[in-house]
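A short write-up of the structure that comes next.
All of the numbers you see were taken from the coordinates with simple rules; none came from a lab. The structure displayed is predicted, hence computed values, not measured ones. Backbone-built Cβ (ideal geometry, glycine too); neighbour counts: all protein chains shown.
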Amino acid sequence: MNPKIHQYLMLPVLAALLLGSCSQKNDEYDASGNFEADETIVSARQNGQLLSFTVREGDTLARGAVVGQIDVTGATLQKEQAQASIQALHQRTTDPRPQLELVRKQIAVQQAQLDQQLREKARTQRLVAADAATTKQLDDINSMIDQLQRQISVSRQQLAVQETVIANQNRSVLSEQSPLQKSVAQYEDQVSKGVIVNPVGGTVLTKYALEGEMATTGKALYKIANLDTLLLRAYITGTQLPHIRLGQQVTVRIDAGNKAYKSYPGAITWVSDKSEFTPKTIQTKDERANLVYAMKVRVKNDGFLKIGMYAEVKW
């Protein structure tokens, strides 16, 4: 047979094999997409210069790790000023104990004199009954007893008044303490916000600031994400939607080179309830589908999976 005729006869066969190969490749996966992670942007919580900032891209940081310090000298000085004002308040208060103790001693002396006069009255009454003393002596004693009782009553009133006056004076002075304590707490909060603490464990993806730069509240300092587990955002058609469910175990594979693939187990964690137009970078099983549904597959990362990497899903 003429070789050229043989080639022409084999063309349809080759075309059919190629189409079959492409069709078989498309049937090897049900959806495809790219890996992503839950990224956290850590921002400054205080205004000031970055005195230290040890974050580097690619670093693995633990949750709660201190990674920098913002200058909070102003807030520190204001805190110390408020604390000094609180100490000055205590110096302005009056200690009531010396004055009150003096009045109490005076009352004790008067009470002793009263007890003595009461005993003298009893003795004089016996003498008057025996005609050994005059009634004038008894009247003088009674007068002295009455006078001492009045003095003791007045002294006790003075004691109560002094206690009330001093307590009111101290209360008026110490009433300024509560607002100052609130100010101290406020400045302590500002000082604590100067410490840059890593909020989540993960790997630093991007660094936005450098040591020595000025930081403002809300300014992004770095971006971090936990890469131990990644999410594959894939897209499926409406005809595939009834065949999947949350928690379903699937197989995710990535291109390992030399026409080989590396497979990972995964689980469907989220399926969108709204359809959207197929992204240009996504290949679906049915290329003619205009509307697709997004879903997320959680995959344990062994270190080879990267954010943005293309992968395919099979269930």
Taking 2.2 N^0.38 Å as the expected size of a compact globular protein, what ratio does the Cα radius of gyration of region 162-315 give against it, to two decimals? 1.88
Along Cα→Cβ, 7 Å out, is where each label goes; now give me the distance between the ones at residue 109 and residue 161 in nm to one decimal. 1.9
Using only the Cα atoms of the chain, what semi-axes does the equivalent ellipsoid have when each is the square root of 5 times a gyration tensor eigenvalue? Give whole Å, largest first. 99, 24, 14
Rounded to the nearest 0.05, what FRET efficiency is calculated for residue 139 and residue 118 with R0 set to 22 Å and r the Cβ-Cβ distance? 0.90
Wrap a convex hull around the Cα atoms of region 80-187, take a quarter of its surface area, and give that in square nanometres. 7.9
Comparing 205, 180, 100, which has the greatest mean-square fluctuation in the GNM of the chain with Cα pairs linked when under 10 Å apart? 100
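Which order, highest average first, do 215-224, 74-83 follow once you tally other Cβ atoms within 10 Å for each residue and take the mean per peptide?
Values: 215-224: 17.5, 74-83: 15.6.
So the order, starting with the most tightly packed, is 215-224, 74-83.
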For the chain, take the longest principal axis of its alpha carbons; what is the angle in degrees between that and the long axis of helix 135-174, to the nearest 10 within 0 to 90? 20
Take the residue pairs 262/306; 193/219; 207/300; 274/296 and return only those whose Cα atoms are more than 18 Å apart. 207/300
The helix 97-129 Cα axis meets the longest alpha-carbon principal axis of the chain at an angle in degrees, between 0 and 90 and rounded to 10, of 30
